[in-house]
Amino acid sequence: MTEPTDTAAIAVALAELRGTMAEGFATVNGSLNLVTQRHDQTERSLSAHGDQLDALEARLDTVERGDTERQKRDASRLAALEARRWPLGTVSAIVAIAALIVAVWQGTAQ
């Protein structure tokens, strides 16, 4: 049989081993809690960035379709300018013909 001192030494060694294991498990649990917390923060951040990306895509779609107030206002201003523009080609042709007629008339009058 084993001597009582061997049993006591084994009990002390087991107690030390149990304490070391408990300390190790506590360290691992703390690390896991930290990783879980960081994962949750990252997930919230990704969700917020996804929402921002969706909002920006919606704004971009509106701009590409030309549905913004500024684009509508600019389109109406452009249409008004085009409607009021001078027919420069026609006016210049009439002035050229009038100048030709005056030149011919002055040439025949002398």
Sites Thr90 and His49 - FRET efficiency at Förster radius 41 Å, r taken between beta-carbons, to 0.05: 0.10
FRET efficiency for Ala8 and Val28, using Cβ-Cβ distance with R0 set to 30 Å, rounded to 0.05: 0.50
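Hey, any idea what Rg/Rh is for region 4-67, computing Rh the Kirkwood way over Cα pairs?
On the Cα set of region 4-67, Rg over Rh gives 1.66.
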Nitroxide proxy distance, nm - points 7 Å out along Cα→Cβ at Thr62 and Leu17: 6.9 nm
Pair Thr42, Gln71: separation of 7 Å Cα→Cβ label points (nm): 3.8 nm
Residue among Ala15, Ala98, Ala75 with the largest mean-square fluctuation in a Gaussian network model of the chain, springs linking Cα atoms under 10 Å: Ala98
P(r) of the chain over all Cα-Cα pairs, binned every 5 Å from zero, in whole percent: 2, 8, 6, 6, 5, 5, 5, 5, 5, 5, 5, 4, 4, 4, 4, 3, 3, 3, 3, 3, 2, 2, 2, 2, 1, 1, 1, 1, 1, 0, 0
The chain: most fluctuating residue of Leu17, Leu53, Leu34 per GNM, C-alpha cutoff 10 Å: Leu17
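Quick note: the coordinates plus some simple rules give every number you see, no bench work behind them. Remember, predicted model here, so these are calculated numbers, not experimental data. A quick note on method: Cβ atoms are made from the backbone with ideal geometry, for glycine too, and the neighbour counts reach across all protein chains shown.
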